[in-house]
C-alpha cells in the first residue's frame, strides 16, 4: 500500500459531544489516541489533514453550534489554520466542499478516521468509495456506542463496530490498523 504525500487524513466528528453520558457504552477507548498518532504523523510529514465538525442549529442538540459539544477533543484539534469542514448531516460530502478539496489533491486514496463508526464515518466512507477515492478506513481509529434496535434489543458497540467494518471491507474501503498504516506511510513518505 502506497501512502502518497498528498493523501489526506479525514478526521470525522472527534468532538466533545461524544463525552456526554447519554451515549452510553462505547467500544475502543483507544480510538482518540490512535487518531492523534495519525494526525501527528500527517502533520510531521506535511500531508493534508481535514477536520470534519458536526454542527446543529437546534439548541437542544449535543452538537449545537454555539455549545461546547461542537468543540474538538483535546488531542484531535486543528492547529495553524488546518481545514475545518462543517457539516449538518451524516456524510462529510453533503453540503460541504470536501469532494472538491479531495479532487484538487489528485490523490490515489483518502484515509478516514473518527466517530462514530456506524454513522458519520460509515456514511462518509461509503460516499468516498462511490466517488472513486479509494478510502482507507482505520478500524482502530474509530469507535461507536451501544444501540437499541427497533425490537428493543440492545446491540453492543463492539459488535456494531465490527459489522460496519465487515460491510465496508473491500466493497467501499480498504481496512487497516493504525500501526499498519503508519508503517506504510513511513515507507512511502
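The values are calculated or read from the model by the stated rules, or taken from the named source; none is laboratory data. Owing to the predicted nature of the structure, the values given are computational and were not obtained by experimental measurement. Here the Cβ positions follow ideal geometry from the backbone for every residue, glycine too, while neighbour counts run over all protein chains shown.
Within the stretch 97-120, residues that are at positive phi and touching a residue at least 12 places away in the same chain (Cβ under 8 Å) sit with their Cβ atoms under 6 Å from residues that are assigned to a strand (DSSP E or B) and buried (at least 23 other Cβ atoms within 10 Å of the Cβ), at 6+ positions apart or across chains, in these pairs: 114/11; 114/12.
Please verify whether the stretch 146-159 includes one or more residues that are part of a strand (DSSP E or B), touching a residue at least 12 places away in the same chain (Cβ under 8 Å) and surrounded by fewer than 21 Cβ atoms within 10 Å (Cβ to Cβ). Yes; the residues of the stretch 146-159 include at least one that is part of a strand (DSSP E or B), touching a residue at least 12 places away in the same chain (Cβ under 8 Å) and surrounded by fewer than 21 Cβ atoms within 10 Å (Cβ to Cβ). Among the conditions (1) surrounded by 22 or more Cβ atoms within 10 Å (Cβ to Cβ); (2) at pLDDT below 95, residue 117 misses just one, which is (2). Please tell me if residue 182 is touching a residue at least 60 places away in the same chain (Cβ under 8 Å) and either within 14 Å of the chain's Cα centre (by Cα) or not in a loop (DSSP other than H, G, I, E, B) (or both). Answer is yes for this residue. Among residues that are without any contact (Cβ under 8 Å) to a residue 24 or more places away in the chain, outside any helix (DSSP H, G or I) and more than 20 Å from residue 103 (Cα to Cα), residue 140 is not included. The number of residues in the stretch 31-60 that are more than 14 Å from the chain's Cα centre (by Cα), within 20 Å of residue 116 (Cβ to Cβ) and surrounded by fewer than 16 Cβ atoms within 10 Å (Cβ to Cβ) comes to 2.
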